[in-house]
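Encoded as structure tokens, the structure appears first; notes follow it.
The values are calculated or read from the model by the stated rules, or taken from the named source; none is laboratory data. Every value quoted in this text rests on a predicted model; they were computed, and no experiment measured them. So basically every Cβ, Gly included, is an ideal-geometry build from the backbone, and we count neighbours across all protein chains shown.
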Amino acid sequence: MPFIHIPPGWKIPESRATPETVYIGLRGFLKTIGWGVAGAMGLWAGCGSGKSNPDAVATPIPATGSTADVSTTGDLYPARRNPRFGRLDRPLTSEYSASMYNNFYEVTTSKDVWRYVERFQTHSWQIEVSGLVEKPQVFDIDDLIRSMPLEERLYRFRCVEAWAMAVPWTGFPFRALLDRVQPKSSAKYVRLLTFFRPEEAPGQNAPWFPWPYYEGLTLAEASNELTLLAIGIYGRELPAQDGALIRLVVPWKYGYKSIKSIVSIELTAEKPSTFWNDEASNEYDFDANVNPYVPHPRWSQARERMIDTGEFRDTQLYNGYAPYVAHLYKT
Ligand SMILES: Nc1nc2c(c(=O)[nH]1)N[C@H]1C(S)=C(S)[C@@H](COP(=O)(O)O)O[C@H]1N2
Ligand SMILES: [Mo]
């Protein structure tokens, strides 16, 4: 069968990127399967008012792809919530929605990533840190996690497609990892790479993408106190569709920066290229920050839609994190 180039879903406006066939929404789903079944499956979370309680972190969800077969870090949860990031201006997104509506092109270009992750292997995960550092190392992920200062933080998250969520991540500051490897003074950037295993991630068989996914930050961005390496969400290990075993979270930038399932981090002197910038350089800039006043070439960024409630909110400059990051971009 010939390959048909289907335009990547998240390069088109949200209204067209999420047809009902891809994501019928929680309410549609409940209508389809019925409330009784939903109750039996433990799907009540977030259904009642459509809002979730910020303090009710661990809520039941259906099996949506997992790392559970090899969980060796379950004892680390829940991690202590960092009080500096313990409140948001909006309710947390339901765990159900956050695990059913994802972008993970290695798996699929549609939002129902959770359906296609069963072959994704997350055991024996390693992460290599190399390049311009005094102590290049290959870390076994369990050892790394156990030696890092784990904490929980509530962050807003904003995709360039104009959908948004608010979630509790578990992880550690990127700069704690940098301290371990000691960047040389010549290091100016960080390049991050996702795994490449097409037999486990069906989307990686699409030859028109330059796999594996790669992203980059300036060293100043990577060292910012907000920048997290996340290993968990909603008080448990990351499900596959959210980027197990370890992913980046850069809450003041569009979601494409927050690269999932990282296997390699390299410190460089030159600005690294990035997956989406190489695909469409006028749309997904290396330096772009969440900004309501800079429209995407094909749609406005002035507002965002919460994925669980459908509520629209005004987009905030730097996604509301200006006090932490605005100084990085002073010219
Ligand atoms: N490796 C990899 N990382 C990725 C992506 C991807 O396709 N592959 N998508 C990015 C985009 S566009 C977004 S919005 C976020 C989505 O994270 P979530 O699915 O956990 O909400 O992951 C980012 N990280
Ligand atoms: Mo995104």
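Restricting to the stretch 139-149, what's the tally of residues that are part of a strand (DSSP E or B) and either more than 21 Å from GLY216 (Cα to Cα) or within 16 Å of ligand 2 (Cβ to nearest atom) (or both)? Qualifying residue count for the region: 1. Within the stretch 146-205, which residues are touching a Gly at 6+ places or on another chain (Cβ under 9 Å) and among the hydroxyl-bearing types (Ser, Thr, Tyr)? Answer for the stretch 146-205, where residues must be touching a Gly at 6+ places or on another chain (Cβ under 9 Å) and among the hydroxyl-bearing types (Ser, Thr, Tyr): THR170, TYR189, THR194. Only one entry of PRO239, PRO212 meets the criterion of being under 26 Å from ILE145 (Cβ atoms), of a type outside the set (Phe, Trp, Tyr) and touching an Asp or Glu at 6+ places or on another chain (Cβ under 8 Å), and that entry is PRO212. Filtering the stretch 222-246 to residues that are under 20 Å from SER94 (Cα atoms) and either away from ligand 2 (no atom under 16 Å from the Cβ) or part of a strand (DSSP E or B) (or both) leaves ALA230, ILE231, GLY232, ILE233, TYR234, GLY235, ARG236, GLU237, LEU238, PRO239, ALA240, ALA244. Among the residues examined, LYS260 does not qualify as in contact with a strand residue (DSSP E or B) (Cβ under 8 Å, 6 or more places away or on another chain) and either away from ligand 1 (no atom under 15 Å from the Cβ) or of a type in the set (A, V, I, L, M, F, W, C) (or both). Any chance the stretch 203-220 includes a residue that's at pLDDT 95 or above, within 16 Å of ligand 2 (Cβ to nearest atom) and charged (D, E, K, R)? Within the stretch 203-220 (the criterion being at pLDDT 95 or above, within 16 Å of ligand 2 (Cβ to nearest atom) and charged (D, E, K, R)), the answer is yes, since at least one residue qualifies. Taking the condition surrounded by fewer than 18 Cβ atoms within 10 Å (Cβ to Cβ) and away from ligand 2 (no atom under 13 Å from the Cβ), does VAL263 pass? The answer is no for VAL263. Just one of the listed residues (ALA56, ALA68) is exposed (fewer than 15 other Cβ atoms within 10 Å of the Cβ), of a type in the set (Gly, Ala, Ser), modelled with pLDDT under 95 and within 20 Å of the chain's Cα centre (by Cα), and it is ALA68. Within the stretch 83-138, the set of residues being crowded, with 21+ Cβ neighbours inside 10 Å, part of a loop (DSSP other than H, G, I, E, B) and touching a strand residue (DSSP E or B) at 6+ places or on another chain (Cβ under 6 Å) comprises LEU92, THR93. Assessment of the stretch 272-286 against the conditions (within 13 Å of ligand 2 (Cβ to nearest atom), part of a loop (DSSP other than H, G, I, E, B), touching a residue at least 60 places away in the same chain (Cβ under 8 Å) and closer than 17 Å to VAL167 by Cα) yields no matching residue. Restricting attention to the stretch 189-229 and to residues that are within 17 Å of the chain's Cα centre (by Cα) and of a type in the set (Phe, Trp, Tyr), the residue that is farthest from LYS257 (Cα to Cα) turns out to be PHE195.
For the structure I just gave you, tell me whether PHE172 is over 28 Å from SER300 (Cα atoms), touching a residue at least 24 places away in the same chain (Cβ under 8 Å), surrounded by 14 or more Cβ atoms within 10 Å (Cβ to Cβ) and hydrophobic (A, V, I, L, M, F, W, C). Answer is yes for this residue.
Remark: pairs (first residue in the stretch 232-254, on the phi > 0 side of the Ramachandran plot; second residue within 12 Å of ligand 1 (Cβ to nearest atom) and in a loop (DSSP other than H, G, I, E, B); Cβ separation under 7 Å; 6+ apart in sequence or on different chains) = GLY243/LYS260; GLY243/SER261.
The residues of the stretch 150-170 that are more than 10 Å from ligand 1 (Cβ to nearest atom) and in a strand (DSSP E or B), listed by number, are GLU151, GLU152, ARG153, LEU154, TYR155, ARG156, ALA166, PRO168, THR170.
Just the residues that are within 16 Å of ligand 1 (Cβ to nearest atom) and not in a helix (DSSP H, G or I), please, taken from the stretch 171-192. Across the stretch 171-192, the qualifying residues are GLY171, VAL190, ARG191, LEU192.
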